[in-house]
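The values are calculated or read from the model by the stated rules, or taken from the named source; none is laboratory data. These numbers come from a predicted model, not from an experiment. Note that we place each Cβ from the backbone using ideal geometry, even for glycine, and neighbour counts take in every protein chain shown.
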Amino acid sequence: MVFLDLLLTILSTLLLMLFISVPSLNDTPIRMILGLPLTIFVPGYSLVAASFPRRDILDGVERVSLSFGLSIAIVPLLGLALNYTPFGIKLIPVLMVLSTFTISLSLTAWIRRLRLPAEERYRDPFERLLKVNIGQNVLDKGLSIVLIASIIGSSATLVYVVVKPKTGERFTDFYLLGPNGTASDYPTDLKVGEEGKVIMGIVNHEYENIIYILEVNFNGTLIYKENVFLIENEKLEIPLIFKAKEKGEDQKLEFLLYKDQQIEVYRTLHLWINIK
């Protein structure tokens, strides 16, 4: 005996696990399309199916409504429980917990339906949704239609927001820290032959992967150059040790940051060094 709703639930969950685990498929839109039902509908539906295997207990609208509501409650609770484990709230552990929860309850629902007489099993939810009884009077029909429309509208809005998220301001953080990793105690007073140390920090908030070119000039002479590749929201701090060679006041230590092979400087910082 094949129950199409439970079979689709299990197959969609396994398919999502495949798309997450295979690097070449990980960034495709299909992963997002499969991931949304797994978080906002499928866990609740598997719980409802396991709890109510008979067809006369809940109708289609009630099952759909409970599935959305229970999913919204279940997923945060599972994430909270996972936070107290060594795995933490990360993509793969969350996916494994949700998949195990969904598949286990779907199999439980399958077994419970098989134990019932054929005429009492909840077998064909797609046909039932098309023929669902939405109420006998005008008020019941109106409330049922509003409920269905709200669920469809909320789901469509959530899909749109996730698929096409609003892009915020694009920028790159470029900063200097002192030798202790704080915004203080910069080596601005040195003696000839003495070494100074600073920490250069770059944070990519450009909503894309960026190749930066970092240059450091001391009194117009290039003393450091490096290509830096940062993915979106990645942070990198690079220590720099320079040497004071000639005495003089207000010697310029200049930090230049270029983006994606651009000719113009994208960000600039400097320190004025007094050497005695």
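Data for the structure
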| quantity | calculated |
| --- | --- |
| Strands (runs of 3 or more DSSP E) enclosed by the range 159-266 - at least 2 residues per element that are of a type in the set (Phe, Trp, Tyr) and under 39 Å from the mean Cα position of the chain (by Cα) | 171-177, 221-230, 248-259 |
| Set ILE72, ILE92: member being assigned by TED's automatic domain parsing to the domain that holds THR39 and touching a Gly at 6+ places or on another chain (Cβ under 9 Å) | ILE72 |
| Close pairs from the range 70-95: first assigned to a loop (DSSP other than H, G, I, E, B), partner loosely packed, with under 14 Cβ neighbours inside 10 Å, Cβ under 7 Å, at least 6 apart | ILE89/ASN83 |
| Neighbours by Cβ (under 9 Å, 6+ apart or cross-chain): first from the range 168-194, in contact (Cβ under 8 Å) with a residue 12 or more places away in the chain; second in a loop (DSSP other than H, G, I, E, B) and among the basic types (Lys, Arg) | ASP189/LYS276; LEU190/LYS276; LYS191/LYS247; LYS191/LYS276; VAL192/LYS245; VAL192/LYS247; VAL192/LYS276; GLY193/LYS245 |
| Yes/no for SER67 being of a type outside the set (A, V, I, L, M) and surrounded by 14 or more Cβ atoms within 10 Å (Cβ to Cβ) | yes |
| Flag if GLU264 is closer than 11 Å to ASN219 by Cα and free of Cβ contacts under 8 Å to residues at least 40 places away in the same chain | no |
| Enumeration of residues in the range 42-55 that are surrounded by fewer than 20 Cβ atoms within 10 Å (Cβ to Cβ), touching a helix residue (DSSP H, G or I) at 6+ places or on another chain (Cβ under 7 Å) and either part of a helix (DSSP H, G or I) or at pLDDT below 85 (or both) | ALA50, ARG55 |
| Residue in the range 245-254 that is touching a Ser or Thr at 6+ places or on another chain (Cβ under 8 Å) and modelled with pLDDT of 95 or more present | yes |
| Qualifying residue in the range 203-223 (condition: on the phi > 0 side of the Ramachandran plot and loosely packed, with under 12 Cβ neighbours inside 10 Å) | yes |
